[in-house]
C-alpha cells in the first residue's frame with residue numbers, strides 16, 4: 001500500500017506533471033499522432049490542472065478544503 005503524500009508535495013508533483021504534459025503534447029504534434037491520442041493527452045492535462053489549482057487553493061486556505 002502506498003503512503004499518502006502531503007499537500008505541498010502533491011502540488012509540486014502536479015506542477016511537474018503539467019510540464020511533462022506540455023512536452024508530450026509538443027512531441028505528439030511533431031510526430032503526427034492521432035487526434036484521438038492528442039485529445040486524451042489534453043484531457044489528462046486538463047484534469048491535472050484542475051487538481052493543481054485545487055491543491056493550490058487548499059494550501060492557500062490552510063488546507064481546510
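FYI, it's all coordinate maths here, none of it is from the lab. Keep in mind that what you see is a predicted model, and the values were worked out from it rather than measured. We place every Cβ from the backbone using ideal geometry, glycine too, and count neighbours over all the protein chains shown.
Are any of the residues in region 51-61 under 21 Å from residue 6 (Cα atoms) and outside any helix (DSSP H, G or I)?
Among the residues of region 51-61, at least one is under 21 Å from residue 6 (Cα atoms) and outside any helix (DSSP H, G or I), which makes the answer yes.
Residue by residue through region 35-56, note down the ones that are farther than 18 Å from residue 19 by Cβ and surrounded by fewer than 11 Cβ atoms within 10 Å (Cβ to Cβ).
35, 36, 39
So which residues in region 21-45 are in a helix (DSSP H, G or I) and touching a helix residue (DSSP H, G or I) at 6+ places or on another chain (Cβ under 9 Å), if there are any at all?
Passing the criteria: 21, 22, 24, 25, 28, 29, 37, 38, 41, 42, 44, 45.
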